[in-house]
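What follows is a single structure, written as structure tokens, with notes after it.
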Amino acid sequence: MMRKSPMKQESRQTISGVDFKEYFQPESIQKALEIRAEYGDQIEVAAGSTDLLVANYEKLHEIKYWLDLVKLDQLKKIEVIDNELHIGAMVTHLQLMKSDLIKKNLAVLAAAAEDVGSPQIRSRGTIGGNICTSSPAGDLLAPLLSYGASFKLQSTEGERIVKAEEFFTGPKRNSMETDELLTEIIIPLTDNKREGSWIKVGRRKALVISTLTLAVVLEFEGEKIVKAGIAMGSVAPTPVRLKGIEAVMVDQKLTDLDYKALGREVKASINPIDDLRGTKEYREDVAVDVMVRALKEIERKVSS
Amino acid sequence: MKKFGRGMATIMFGFGYGEGFPDHSIASIEIKEDERIVIRTAAADVGQGVITTVIQIAAEILRINPNYFEVVQGDTHKTKNSGSTSATRQTYFTGNAVKKAAEDMLANLYHYGSLEFRSNHPEIAIEDGKIYMYDDPDDYITYWEMAERVKERGEKLEAEGSFFPVTYSPDENGQADKVYVAYTFLSQVIDIEIDTDTGIIDLLDVYSAIDLGKAINPKNVEGQIEGGTVQGLGMGMMEDQVIRNGKTLNAGMTDYLVPTSVDVPKFKHYLVEEEDSEGPFGAKGVGEPTLIAAAPALANAVYDAIGVRFFDLPISPSKIKKALKEKEENS
Ligand SMILES: Cc1cc2nc3c(=O)[nH]c(=O)nc-3n(C[C@H](O)[C@H](O)[C@H](O)COP(=O)(O)OP(=O)(O)OC[C@H]3O[C@@H](n4cnc5c(N)ncnc54)[C@H](O)[C@@H]3O)c2cc1C
């Protein structure tokens, strides 16, 4: 008897090819908000989609409704209004790192944007997406915390301004409601001298989820620190602002501070975990040393 | 603080399946009337460039521009066994099979040439796709015309070659006359910098000296060295499969890291062309040998930089930072 040919294997993978029901690409914020209000958590809000497409890999067909923000040109601007910088939610990492306004006033944010992913990711990914994904490792989040940023959330009911440190509530969780959209990021400007440092620790030089990030922003009157913003990513369930340490630094001269002691304070204020990117012990030890490095860097910048 | 370190490693690598395995490759060559020379081989070009290599080899033997060649590759209906693209064996095995097929073809060109010109082969010249008598170069016949003539005779201008070297299985003491067909040698020096704040290794320069017999295509050889070394360095400092309770925790490339183009160090290559007696034009294999020295050289460079020996890979920032801390505490 002839050998039987092996049976053809049935594929058990669900077939995509099922189309979404609706794809909206509104041209006004008002229209976008109405759609958002109507569909609530049924609709996926798409900005650059760099997080969205990864999160829905092989199950894109399960998404029924899309709200694509790409045509909202109002959200792609960076402007100064009343001594505040307003960054539209659809501003990309590439825009941030290229913008003279950002480089001059928010150098730490520009540096962080430059460290995101790769050129492709930076030209698609947006600041709004980075914030709304609310990953503890989101690279823009520590800088936004250290600059004292606030987020404007809009719905058909109105708008509210939420401070960055109140926005993030857990890993990939935040206080945005299902009828809201993030439209703007607002950061106060200052006439004082502002210097900062950005440190991203990752296991390779590109396309890497941060093992730890540190953003330090200091404002000076003369030699005195009048305002300090210190924040870290990937060391706790949310990006964290280290207010206790900020308080210690305010009203001091930078060079009078004990950098190593501050580093140890940083270590004591964070709560990292072991994961594939690094151990808890690693993150704590590195936190001490990068804090010292950041302060030395600022000292160099201030004195030059 | 940044600490500089330099490390070196030397390896040897016996290639081919070896150990008495019936390892071989079969290739054929056909000259067509329409100005094409077709090589048939099952050797899979997975990016390493074996297709380029066999064309170069055949073109050299057949004394004609490589542009005329076409390769039918890896088709079980049209090609005979060439063995796998593995064990660093294709240049050596399929290179030799193609070389033999080309030599057979060349001999046939002489044969049909002597019939055409009614003369003996020492009087006949073969060059640039033309066959003629030395004393009358203007009266030539091209390979393509010759293919036509041969076809008229009801034959094909076709040749086949195979390479089937003998190796021996080692005895109970691990000894044999010839376990592998040949060995490739590589020495590598790697310069690095370690950031003591973060435990991160920065790859600076890699110097490689490889005894490869003969570089049939030096650019492809450089590609192999750079690709292999980067893979080895990935193994040395990044690639880390973490298994807990039988489950792989890093199930995707997001947390199973390999170096990106911006992590790659600068390279300098030294090709040592000590021709092998059996390889095609003296060539030996240059695939896997390029990967092996990288991790040990890296480990030596790390030792040079911070005085700590690591015995398991990858040498991750977490391990380096911990070692630096322990070293400080113990001093
Ligand atoms: C290969 C790769 C590398 C990456 N590297 C990095 C990196 O180094 N650092 C880093 O921080 N991130 C990185 N990311 C993650 C991602 O690119 C960034 O977080 C990016 O900023 C997300 O922006 P987006 O516009 O693409 O977001 P999207 O994917 O479009 O949206 C993300 C989430 O936010 C919601 N959303 C977006 N905009 C709004 C809005 N205006 N209102 C309400 N909800 C909104 C979406 O519904 C979705 O849930 C990487 C991603 C990839 C695929």
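The values are calculated or read from the model by the stated rules, or taken from the named source; none is laboratory data. Please read these numbers as outputs of a predicted model, since none were measured by experiment. Every residue, glycine as well, gets a Cβ built from its backbone with ideal geometry; the counts of neighbours run over all protein chains shown.
List of remarks:
- Unique match (being within 25 Å of B:Gly49 (Cβ to Cβ), surrounded by fewer than 22 Cβ atoms within 10 Å (Cβ to Cβ) and hydroxyl-bearing (Ser, Thr, Tyr)) among B:Ser169, B:Ser162: B:Ser162
- Scanning region B:236-270 for residues that are touching a residue at least 24 places away in the same chain (Cβ under 8 Å), more than 9 Å from chain A (Cβ to nearest Cβ) and out of contact with any strand residue (DSSP E or B) (no Cβ under 6 Å at 6 or more places or on another chain) turns up B:Gly236, B:Glu239, B:Val264.
- Inside region B:216-235, residues that are within 14 Å of chain A (Cβ to nearest Cβ) and either over 21 Å from the mean Cα position of the chain (by Cα) or more than 22 Å from B:Ala295 (Cα to Cα) (or both) make up a count of 0.
- Residues in region A:185-205 that are farther than 29 Å from B:Thr254 by Cβ and out of contact with any Ser or Thr (no Cβ under 9 Å at 6 or more places or on another chain) were compared, and the one that is farthest from the ligand (Cβ to nearest atom) is A:Asp191.
- Residue in region A:172-183 that is among the aliphatic types (A, V, I, L, M), buried (at least 24 other Cβ atoms within 10 Å of the Cβ) and either more than 10 Å from the ligand (Cβ to nearest atom) or assigned to a loop (DSSP other than H, G, I, E, B) (or both) present: no
- Residue match in region A:248-261 (condition: within 13 Å of chain B (Cβ to nearest Cβ) and either under 30 Å from B:Arg244 (Cβ atoms) or at pLDDT 95 or above (or both)): yes
- Elements of type strands (runs of 3 or more DSSP E) contained in region B:109-221, each with 1 or more residues being assigned by TED's automatic domain parsing to the domain that holds B:Lys80: B:124-127, B:130-133, B:136-142, B:158-163
- Filter result for the condition that a residue is under 23 Å from the mean Cα position of the chain (by Cα), crowded, with 22+ Cβ neighbours inside 10 Å, basic (Lys, Arg) and within 14 Å of chain B (Cβ to nearest Cβ), over A:Arg293, A:Arg241, A:Arg277: A:Arg277
- Residue within region A:194-201 that is among the aromatic types (Phe, Trp, Tyr), under 19 Å from A:Glu84 (Cβ atoms) and either away from chain B (no Cβ under 14 Å) or touching a strand residue (DSSP E or B) at 6+ places or on another chain (Cβ under 7 Å) (or both) present: no
- Residues in region A:97-118 that are within 14 Å of chain B (Cβ to nearest Cβ) and in contact with a Lys or Arg (Cβ under 7 Å, 6 or more places away or on another chain): A:Asp115, A:Val116.
- Of the residues making up region B:132-139, not a single one is at pLDDT 95 or above and closer than 24 Å to B:Gly95 by Cβ.
- Unique match (being modelled with pLDDT of 95 or more, buried (at least 16 other Cβ atoms within 10 Å of the Cβ) and either closer than 15 Å to B:Val189 by Cβ or within 14 Å of chain A (Cβ to nearest Cβ) (or both)) among B:Pro314, B:Pro289: B:Pro314
- Region A:40-69, residues that are exposed (fewer than 14 other Cβ atoms within 10 Å of the Cβ), out of contact with any helix residue (DSSP H, G or I) (no Cβ under 8 Å at 6 or more places or on another chain) and closer than 23 Å to A:Gly117 by Cα: A:Val54, A:Ala55, A:Tyr57, A:Glu58
- When B:Val189 is tested against (1) without any contact (Cβ under 8 Å) to a residue 24 or more places away in the chain; (2) β-branched (Val, Ile, Thr); (3) over 24 Å from B:Ala59 (Cα atoms), only condition (1) is not met.
- When the residues of region B:38-73 are filtered to those that are part of a loop (DSSP other than H, G, I, E, B) and of a type in the set (D, E, K, R), the one that is nearest to B:Gly228 (Cα to Cα) is B:Asp45.
- Only residues that are among the small types (Gly, Ala, Ser) and more than 17 Å from B:Thr88 (Cα to Cα) were counted in region B:9-68, giving 5.
- Residue in region A:206-214 that is more than 16 Å from the ligand (Cβ to nearest atom), surrounded by fewer than 17 Cβ atoms within 10 Å (Cβ to Cβ) and outside the structural domain of A:Gly129 (by TED's automatic domain parsing) present: no
- Take the conditions (1) at the interface with chain A (Cβ under 9 Å from one of its Cβ atoms); (2) surrounded by fewer than 17 Cβ atoms within 10 Å (Cβ to Cβ); (3) modelled with pLDDT of 95 or more; B:Gly307 misses just one of them, which is (1).
- Every listed requirement among (1) within 7 Å of the ligand (Cβ to nearest atom); (2) crowded, with 22+ Cβ neighbours inside 10 Å is met by A:Leu106 save one, (1).
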